[in-house]
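Encoded as structure tokens, the structure appears first; notes follow it.
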Amino acid sequence: DRQKKIRNFSIIAHIDHGKSTLADRILEYTGALSSREMQAQVLDQMDLERERGITIKLQAVRLAYKADDGVEYILNLIDTPGHVDFTYEVSRSLAACEGALLVVDAAQGIEAQTLANVYLALDNNLEIVPVINKIDLPSAEPERVKQEIEDVIGLDASDAVLASAKAGIGIKEILEQVVAKMPAPTGDPDKPLKALIFDSHYDAYKGVIVYVRVVDGSIKAGDKIHFMATAAEAEVIEVGAFMPRMGIVDELAVGDVGFIIAGIKNVKDTRVGDTVTGAKNQAPEPLPGYRKSNPMVFCGLYPIETQDYNDLREALEKLELNDASLRYEPETSTALGFGFRCGFLGLLHMEIIQERIEREFNIPLITTAPSVIYRVTLTNGETIEIDNPSNYPEVGKIEFVEEPYVKASIIVPNDYVGAIMELCQNKRGEFVNMEYLDTNRVTIIYEVPLSEIVYDFFDQLKSSTKGYASFDYELTGYRQSKLVKLDIMLNNEQVDALSVIVHRDRSYQRGRIICEKLKELIPRQMFEVPIQASIGTKVIARETVKAMRKNVLAKCYGGDISRKRKLLEKQKEGKKRMKQVGNVEVPQEAFMAVLKIN
Ligand code: GDP
Ligand code: MG
């Protein structure tokens with residue numbers, strides 16, 4: 001029967017190992033798209049994704065494949081995001097599958113996210129089919145990589161497909177292994193509906209499009225459905241699948257992957273990981289593993305132009321329709337005026353939202369330095385969570401403070417072990433373990449405060465290893481730390497948006513560096529601007545921006561009007577990114593300066 005012919009699978013890989021290219025080739029091979037229609041990386045639909053070459057939202061496509069055994073199979077290929085911020089989405093999309101293609105670059109071998117993804121796949125009991133990609137590269141070492149897969153992951157790699165997604169080599173063999181090795185979905189068509197939500201997105205015309213994997217029962221237009229975690233209810237308008245264009249079908253049956261449209265207005269009702277069941281005929285229990293994904297990194301977003309405030313609110317409202325993990329609430333800063341405190345899953349998520357607001361909504365922004373959530377226990381016994389340094393309580397009221405820690409796994413060639421250890425030590429990391437992957441590469445594990453990862457860890461990791469390190473992390477919990485709030489004063493006025501929470505032992509150094517950085521970034525004004533860093537009332541560092549000497553316009557000898565106008569326009573351009581703080585003009589970068597500490 002039909003259920004036996006279904007194969008639901010994902011492709012997992014470290015970034016750049018060729019997942020999207022392989023997905024394209026599979027689509028092409030199965031005839032889902034003619035090569036004329038093929039646009040590179042069709043699964044990465046958003047412009048931003050395409051430009052950045054990353055996959056933010058996972059997608060599912062239904063393909064037909066006639067295998068060598070003569071059977072026409074239904075393949076559902078579920079694409080997953082490749083970045084650590086979206087681990088939870090990866091994990092839920094894997095839960096919708098029975099198998100995974102593990103793509104490893106034949107020249108690079110196993111990297112940090114290869115392992116992280118393999119662990120997620122094993123947690124979900126998936127059948128893993130290894131694919132060694134990019135065998136066309138002169139530097140490819142498929143035999144070495146096979147060995148690595150066996151030694152490090154413990155998978156039998158003797159049948160690993162040697163492929164080149166770019167050159168279209170090995171595609172058929174991959175599909176044959178998918179149908180032969182991966183199991184068909186189990187599940188009971190006669191039980192009440194149970195479908196796993198592995199993604200959803202808001203469409204301006206159709207409302208929320210909910211991507212599901214039907215585990216038990218079936219679903220069709222007219223059914224009344226119930227979302228078990230959010231208790232939202234709706235009536236199904238259409239069900240369908242992406243083939244790879246959106247296509248309506250009569251029903252999604254047991255084992256199927258597809259979408260539901262039910263006139264829902266906000267993705268917050270359709271949380272990733274939740275279970276959809278019938279409103280009348282409800283399943284007794286939801287599918288396992290649901291958790292709400294919580295933001296870990298917070299920052300302030302302020303419009304540069306005060307009159308953009310309402311547009312910014314509308315932009316956030318729209319983005320929220322499509323992003324269940326985005327959090328925001330109004331916030332005021334004495335320095336920056338009215339804005340929003342926003343919460344994100346991680347730094348990449350934060351950058352994506354900022355960029356979309358600026359690009360799609362055309363609102364120039366000032367963003368404040370990202371902060372993690374600190375837990376402060378007060379002398380009165382109460383524990384509060386602080387996501388904005390300017391709300392940090394007075395020292396005298398604090399009993400102790402805790403901050404989030406992560407377990408960081410870093411894979412590097414031997415030569416860089418010293419550099420990595422130095423970096424991690426500098427970031428207050430505690431060494432946990434080190435293991436050789438092969439004769440040339442090691443996995444190094446450190447526990448590091450999340451706040452230190454937020455402060456340009458990625459950039460430093462890349463620069464100190466010439467880009468050879470790969471990195472993954474997971475939250476491990478909260479630990480007590482000796483933290484203090486560092487305040488910054490410009491022209492003798494405290495700028496709340498520049499406050500940061502730092503470790504006590506590093507506070508003097510940090511204060512000095514921030515002052516130096518600000519001195520570089522703040523342009524000369526008509527008057528002298530003192531920059532000071534302080535802890536409580538104690539000033540720990542000071543710099544001065546000297547007053548401007550001459551009027552720039554004096555350079556344009558009287559008559560040359562057009563040159564003068566050009567210069568003024570240029571200055572105006574430059575000003576777009578300036579914010580008046582008190583009587584000092586501060587450029588956007590200054591608010592991020594607290595991050596760049598090297
Ligand atoms: P993803 O990040 O895993 O989705 O990787 P992409 O599919 O975006 O590929 C990353 C880069 O590797 C792109 O520049 C691809 O053109 C290239 N690439 C992918 N597959 C192959 C391959 O088989 N051979 C070669 N030489 N390059 C490949
Ligand atoms: Mg990709």
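Calculate the length of the line joining the C-alpha centroid of segment 89-139 to that of segment 462-533, in whole Å.
Using only Cα atoms to place each centre, the spacing works out to 38 Å.
Report relative contact order for segment 387-511 in percent, whole number only (criteria: Cα-Cα under 8 Å, sequence separation at least 6). The partial results should precede the final answer.
Values: 195 pairs, mean separation 40.7, N = 125.
For segment 387-511, the relative contact order is 33 percent.
Taking amide H atoms as placed 1.01 Å from N in the peptide plane, list the residues 5 or more away in sequence, or in a different chain, whose amide H sits under 5 Å from that of Ser10.
Amide H neighbours of Ser10, under 5 Å, 5+ apart: Ile78, Gly99, Ala100, Leu101.
How high is the relative contact order of the chain? Use alpha-carbon pairs under 8 Å, at least six apart in sequence, and give a whole percent.
Working: 1296 pairs, mean separation 56.7, N = 598.
Here the relative contact order equals 9 percent.
Any aspartates and glutamates with Cα under 15 Å of the Lys194 Cα? List them, leaving off those in the same chain fewer than 8 positions away.
Straight-distance partners of Lys194: Asp216, Asp223, Glu233, Glu251, Asp256, Asp274, Glu285.
Tell me which trypsin sites (Lys or Arg not before Pro) from segment 175-274 have a DSSP coil assignment and no more than 16 other beta carbons within 10 Å of their own. The partial results should precede the final answer.
Details: sites: Lys181, Lys194, Lys206, Arg213, Lys220, Lys224, Arg245, Lys265, Lys268, Arg271; in loops: Lys206, Arg245, Lys265, Arg271.
Filter output for segment 175-274: Lys206, Arg245, Lys265.
What size of dipole, in debye to the nearest 20, comes out for the chain about its Cα centre when the only charges are +1 on Lys and Arg C-beta atoms and -1 on Asp and Glu C-beta atoms?
Values: 73 positive and 89 negative charges, 535 e Å.
Using Cβ point charges on Lys, Arg, Asp and Glu, the chain gives about 2560 debye.
Once you list every other residue whose beta carbon is under 10 Å from the beta carbon of Ala96, what net charge do they have if Lys and Arg are +1 and Asp and Glu are -1?
0
Once each part is reduced to its C-alpha centroid, what is the distance from segment 9-29 to segment 309-369 in angstrom?
If you average the Cα positions of each part, the centres end up 32 Å apart.
Hey, what number do you get for the chain at 222 nm if only DSSP H runs of n ≥ 4 count, each worth -39500 (n - 2.57), divided across all residues, to the nearest 500? It would help to have the intermediate numbers written out before the result.
Numbers: 14 runs with 141 residues, N = 598.
So the helix-based figure for the chain works out to -7000 deg cm²/dmol.
Provide Rg over Rh for the chain; use the alpha carbon set for both Rg and the Kirkwood Rh (inverse mean inverse pair distance).
Working: Rg = 26.9 Å, Rh = 26.6 Å.
My calculation of the ratio gives 1.01.
Could you give the angle, 0 to 90 degrees to the nearest 10, between helix 347-360's Cα long axis and the longest principal axis of the Cα atoms of the chain?
80 degrees
Quick one: which residues, 5+ away or cross-chain, put their amide H under 5 Å from the amide H of Arg441? H built at 1.01 Å from N.
Asn414
For each pair in Lys427/Lys466; Lys66/Lys134; Lys407/Lys538, compute the distance between the two Cα atoms and list the pairs where it is over 23 Å.
On the way: Lys427/Lys466 19 Å; Lys66/Lys134 26 Å; Lys407/Lys538 35 Å.
Table pairs above 23 Å Cα-Cα are Lys66/Lys134; Lys407/Lys538.
Which percent of the accessible area of the chain is formed by carbon and sulfur heavy atoms (probe 1.4 angstrom)?
Details: 12750 of 26620 Å².
In the chain, the share of accessible area belonging to carbon and sulfur is 48 percent.
Out of Ala283, Tyr455, Leu319, whose Cα points farthest toward the positive end of the dipole of the chain (charges: +1 Lys, Arg; -1 Asp, Glu; placed on Cβ)?
In the chain, that residue is Tyr455.
Hey, what's the Cα Rg ratio for segment 424-492 versus the globular rule of thumb, 2.2 N^0.38 Å? Walk me through the intermediate numbers first.
Working: Rg = 15.6 Å, N = 69, 2.2 N^0.38 = 11.0 Å.
Normalised by 2.2 N^0.38 Å, the Cα Rg of segment 424-492 equals 1.42.
Taking a probe of 1.4 Å, how large is the accessible area per residue of segment 79-193, in Å²? Walk me through the intermediate numbers first.
Numbers: 4240 Å² over 115 residues.
On a per-residue basis, 37 Å².
Using the eigenvalues of the Cα gyration tensor, what equivalent ellipsoid semi-axes result for segment 232-283 when each is taken as the square root of five times the eigenvalue, whole Å, largest first?
Details: eigenvalues 71, 40, 25 Å².
The equivalent ellipsoid of segment 232-283 has semi-axes of 19, 14, 11 Å.
The values are calculated or read from the model by the stated rules, or taken from the named source; none is laboratory data. Note that this is a predicted model, so its numbers are computed, not measured. Reconstructed Cβ throughout: ideal geometry from the backbone, glycine too, with neighbour counts over all protein chains shown. Each accessible area value is taken on the protein alone, full model and side chains, heavy atoms only, with ligands, DNA and RNA left out. Shrake-Rupley method; radii C 1.70, N 1.55, O 1.52, S 1.80 Å.
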